[in-house]
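S.K.: I'd like to ask some things about the structure below.
The values are calculated or read from the model by the stated rules, or taken from the named source; none is laboratory data. Quick caveat: nothing in here was measured; it's all calculated off a predicted structure. Cβ placement follows ideal geometry from the backbone for every residue including glycine, while neighbour counts extend to all protein chains displayed. For the accessible areas, the whole protein counts, side chains as well, though only heavy atoms, and no ligand, DNA or RNA atoms are used. Shrake-Rupley method; radii C 1.70, N 1.55, O 1.52, S 1.80 Å.
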Amino acid sequence: MIQEINFDGIIGPTHNYAGLSPGNIASARNAGQIAQPRAAALQGVEKMRRNMALGLAQGFFVPLDRPDTSWLAMLGTNIMHADAHIRAQAYSASSMWAANAATVSPASDTLDGKCHLTAANLLTMPHRSHEWQGTLRQLQCAFANPNFVVHAPIPAPFGDEGAANHMRLCSAHDQAGVEIFVYGVLAGRFPARQSIEASKAIARNHGLNPDKTLLIRQSDEAIAAGAFHNDVVAVANEQVLFTHERAFQNPTLAYQKIRDAFPDVQIITVPAADVSLQDAISSYLFNAQLVSLPEAGMGLVLPTEAQENRAVWSWLQRHVQQGSPITRLLPVDVRQSMANGGGPACLRLRVVADPRTVDPRFIANDKVLSQIEGIISTHWPQEISPDDLSSPALMEQVRRARHALLDVLNLQNLA
Ligand code: SUG
């Protein structure tokens, strides 16, 4: 059966706070803090469990090999001798944010009737620019079935950050939909990470119907306020678009284009007068998983930070009582990831497909999640501080940790 499968990035053993992402407020604020990789990864697994308990299909991706010593070698250095900021860029566990792994167009939207995935080049941030090689290998492994086409990234200099800047509207997941690409334009002190050229190229390569493909500009104000990806200020599921009123550069035009392409859309806008952009971004209200619940209605899986923000939580509570398609608010604790600017939606990549066509080693069930938890609890470091990144013992430990995970998942081919 064709359904939406959420693939979560297992949070890697090198999770740390290095302040690597200018324009990402949480990453900058928490630079230099002591990270807790073990707790982080267990929070991620618990999120998967909770979503599975809702009756949703769940998959996962494994962490990439970090520190990335081949990247350092290309730069003519190594862990011992690299400058501290380069070392941190080699160590980053940023592949946990699977929403940035790829852009996915389900089979029902594409010309050849296959599900297309394009690995994101993530070229704007140095620490993320060397993710795609490992991600591409993993996508090729998970989606090797001929029902999928896995594309290499869009070439430089066109920045692409994957599904975080891509939304899809449809009457049901297995029906043809409208794909919305949200791009940014460099206008302020923070980078615009998604280029329009990359979005257009992906739409062409995926064989999307031009009448069902929209390109919408993210608002400069949202980027300046810290919405470094569109999924920090908007999320869509089936016929619902849930968005902050300041998400798009020209909201009236954007909503009109969306309505023209998908007349059944239900646009839920949160006014700035009720929830400021700052509150939306600090609470990650929109970085939620908006999911269709098997029992009907939609659930909003949002970070506990949204529950703690009075303006946000009271808006949400009022909203769900007003006959909204969003029927359940489901707070989840992913604080370790949140402190680097990654909420529940960042941690997952949505793939609409028949789970039987995915390599079963990437599909979650209770038993495999328990095995993953066992490996995390035994091997993941409890803490990493910035100074630890030069320690040979840490490098040895995180390597062993990842290999133990690959062994238990029978994914040694990704070593
Ligand atoms: O790219 N943070 C990530 C967060 C990605 C969130 N993803 C989505 N919105 N879909 C980023 O900015 C911080 C790493 C550090 O500072 O150590 C970081 O890469």
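S.K.: Could you state the accessible area per residue of the range 3-414 in Å², with a 1.4 Å probe and every protein chain left in place?
M.R.: That works out to 37 Å² for each residue.
S.K.: Over the chain, with a Gaussian network built from C-alpha contacts below 10 Å, which listed residue (Gln307, Gln289, Gln317) shows the highest mean-square fluctuation?
M.R.: Gln317
S.K.: Cβ under 9 Å from Gly343's Cβ, Gly343 left aside: what net charge do those residues give with Lys, Arg +1 and Asp, Glu -1?
M.R.: Local charge sum for Gly343: -2.
S.K.: Could you state the angle between the C-alpha long axis of helix 37-53 and the longest principal axis of the C-alpha atoms of the chain, as a value from 0 to 90 degrees rounded to the nearest 10?
M.R.: Result, in degrees: 40.
S.K.: Output the Kirkwood hydrodynamic radius of the range 47-122, Cα pairs only, in Å rounded to one decimal.
M.R.: Final number for the Kirkwood radius of the range 47-122 is 15.4 Å.
S.K.: Using the Cα gyration tensor of the range 1-67, with a ≥ b ≥ c the square roots of its eigenvalues, what is the shape: rounded (a/c below 1.5), prolate (a/b larger than b/c) or oblate (neither)?
M.R.: Taking the square roots of the gyration eigenvalues as a ≥ b ≥ c, the range 1-67 is prolate.
S.K.: Hey, another quick one. Roughly how many nanometres apart are two label points built 7 Å out from the Cα toward the Cβ at Ser171 and Ala187?
M.R.: Placing both labels 7 Å beyond Cα along the Cβ direction yields 3.6 nm.
S.K.: Here's another thing I want to ask about it. Whenever you get a sec, line up Phe190, Phe181 from highest to lowest accessible area (probe 1.4 Å, protein heavy atoms).
M.R.: Largest accessible area first, the residues go Phe190, Phe181.
S.K.: Please work out how much accessible surface Thr252 shows to a 1.4 Å probe, ignoring ligands, DNA and RNA, in Å² rounded to 10.
M.R.: Using a 1.4 Å probe on the heavy atoms, I get roughly 110 Å².
S.K.: Say each of Leu75 and Arg49 gets a label point 7 Å from the Cα, pointing the same way as Cα to Cβ; how far apart are those two points in nm?
M.R.: So the two model labels end up 3.7 nm from each other.
S.K.: Another question, then. How far is helix 392-408 tilted, in degrees, relative to the longest principal axis of the Cα atoms in the chain, given as a value from 0 to 90 rounded to the nearest 10?
M.R.: 60 degrees
S.K.: Further, regarding this structure: Roughly speaking, what is the stretch gain from Asp112 to Ala393, that is 0.36 nm per residue apart minus the C-alpha to C-alpha distance, in nm to one decimal?
M.R.: 96.2 nm
S.K.: Starting from the Cα of Asp359, step 7 Å along the direction of its Cβ; do the same at Gln256; then give the gap between the two resulting points in nm.
M.R.: Spacing of the two 7 Å Cα→Cβ label points: 4.8 nm.
S.K.: Moving to a separate point now. Out of all DSSP beta bridges with both ends in the range 3-414, state the antiparallel percent to the nearest 5.
M.R.: 50 percent
S.K.: So for Met1, Met48, Met80, Met395, what's the accessible-area order with a 1.4 Å probe, most first?
M.R.: Output order, biggest surface exposure first: Met1, Met80, Met395, Met48.
S.K.: Just Ala90, Ala28, Ala198 to compare: in a GNM of the chain, with alpha carbon springs under 10 Å, which one fluctuates most?
M.R.: Ala28
S.K.: Could I ask something else about it? Quick one: among Arg66, Arg193, Arg259, which has the greatest mean-square fluctuation in a GNM of the chain with alpha-carbon springs under 10 angstrom?
M.R.: Most flexible of the set in this elastic network: Arg259.
S.K.: Also, I was wondering about something else. Number of Lys-Lys pairs in the chain under 30 Å by Cα, sequence gap 8 or more or different chains?
M.R.: Value for the chain: 8.
S.K.: Quote the accessible area belonging to Glu305 in square angstrom, nearest 10, computed with a 1.4 Å probe and with ligands, DNA and RNA left uncounted.
M.R.: That residue has around 30 Å² of solvent-accessible surface.
S.K.: For the range 98-215, just say rounded, prolate or oblate: build the C-alpha gyration tensor, square-root its eigenvalues into a ≥ b ≥ c, call rounded for a/c under 1.5, and beyond that prolate if a/b exceeds b/c, oblate if not.
M.R.: The shape class here is oblate.
S.K.: Suppose only helical runs count, i.e. DSSP H with n ≥ 4. What mean residue ellipticity at 222 nm does that imply for the chain under -39500 (n - 2.57) per run, divided by all residues and rounded to the nearest 500 deg cm²/dmol?
M.R.: -9000 deg cm²/dmol
S.K.: Just read off the accessible area of Glu308 with the full protein assembly in place, 1.4 Å probe, to the nearest 10 Å².
M.R.: Approximately 120 Å² of Glu308 is accessible to the 1.4 Å probe.
S.K.: What does the C-alpha gyration tensor say about the overall shape of the chain? Classify as rounded when a/c is under 1.5, otherwise prolate if a/b is larger than b/c, or oblate.
M.R.: Rounded, since a/c falls under 1.5.
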